[in-house]
1. Out of all the residues in the range 1-44, which are within 27 Å of residue 70 (Cα to Cα) and exposed (fewer than 11 other Cβ atoms within 10 Å of the Cβ)?
2. Mind listing just one residue for me: the one in the range 41-75 that is in contact with a helix residue (DSSP H, G or I) (Cβ under 9 Å, 6 or more places away or on another chain), part of a loop (DSSP other than H, G, I, E, B) and closer than 29 Å to residue 4 by Cβ and, of those, modelled with the lowest pLDDT?
């Protein structure tokens, strides 16, 4: 959450917002939203358990070990 709070506080560092008084409750609300989004596995911030669960699910669904997490063209 520390990172999320730091990112939320950046909203008050922009040229168009730097004169607005910081509202701690609003910072915390922004931080919670940022933290929730940033913690999603699809953003590359997955825990080891989440990654293993994802791989396990893909293997169980497809029975394949050769897959990519992003689309790519065959060479």
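1. 36, 42, 43, 44
2. Here the residue is 69.
The values are calculated or read from the model by the stated rules, or taken from the named source; none is laboratory data. No experiment lies behind these values; they were computed from the predicted model shown. Positions of Cβ are generated from backbone atoms using ideal geometry, with glycine treated the same way; all protein chains shown enter the neighbour counts.
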